[in-house]
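Report on one structure; see the data block that follows.
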């Protein structure tokens, strides 16, 4: 009987809300919540630190690219100065020998040799010098004219290209191609690639923001490619979504810079190379989305994931 009473008392204690199973369940629940909050806090801090490290990496890459551009500019300037200075020493007309020096005192040349040179007619020498100077001046003017002609042709071509792009953007391409200097389409009716690229840039200029969904590795490649462009701005936030994908928002200005870099990489990269494949796919995907722009304030969504259907929830 005593053991039965003790067992009954123990069972009653289990039902006690202060020390029984209910209290134990409450403590376990609170501990679980505390652990979950600690894990979430730690994950958030690690994510913020990771984003800060990526921002610093982007800044470092941008600074390195700017330094590289300055070094290239200095090298070009040095080459230009070298091209201007070296011909002066290589030109025979700049002979500074004692016999040809105009500042040589009279009698200095025959003093060392012991023979007095025959006098030269001053008028004839002056006449020859004048003719040589006239010929040299004429050659200089001809060279200047020859240098200006290619620049004028380039300016005309650039102006014609701009007009063709604006005409194609506004839907008046046929009128723009009436000019003989405007870029012509191929025989099959295909649009000039430069005109199509320019139209994409104009469309991107009118975009306020564009969502980009891609794998983190792809996004890092795109950011490293465009970070050295003056108009590219690193997005303030890159959100991690499931299965290694990230989602971010690019402005129209950054989209222009990205298109320019992708166009250049696609043109200069080696065929069947990874950079060529990434640049071509990303450029075509952005171009396909910009082709459907209606100008109604809709957000453009660029998805670099063939396994993710359009409009899928993040």
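The values are calculated or read from the model by the stated rules, or taken from the named source; none is laboratory data. This structure is a prediction, so every number in the text was calculated from the model and none was measured. Cβ coordinates were reconstructed from backbone atoms using ideal geometry, including for glycine residues, and neighbour counts include every protein chain displayed.
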What are the residues in the range 280-296 that are in contact with a helix residue (DSSP H, G or I) (Cβ under 7 Å, 6 or more places away or on another chain) and touching a residue at least 40 places away in the same chain (Cβ under 8 Å), if any? 282, 286, 287, 290, 293
I'd like to know if the range 46-62 contains one or more residues that are outside the structural domain of residue 226 (by TED's automatic domain parsing), at pLDDT 65 or above and assigned to a loop (DSSP other than H, G, I, E, B). no
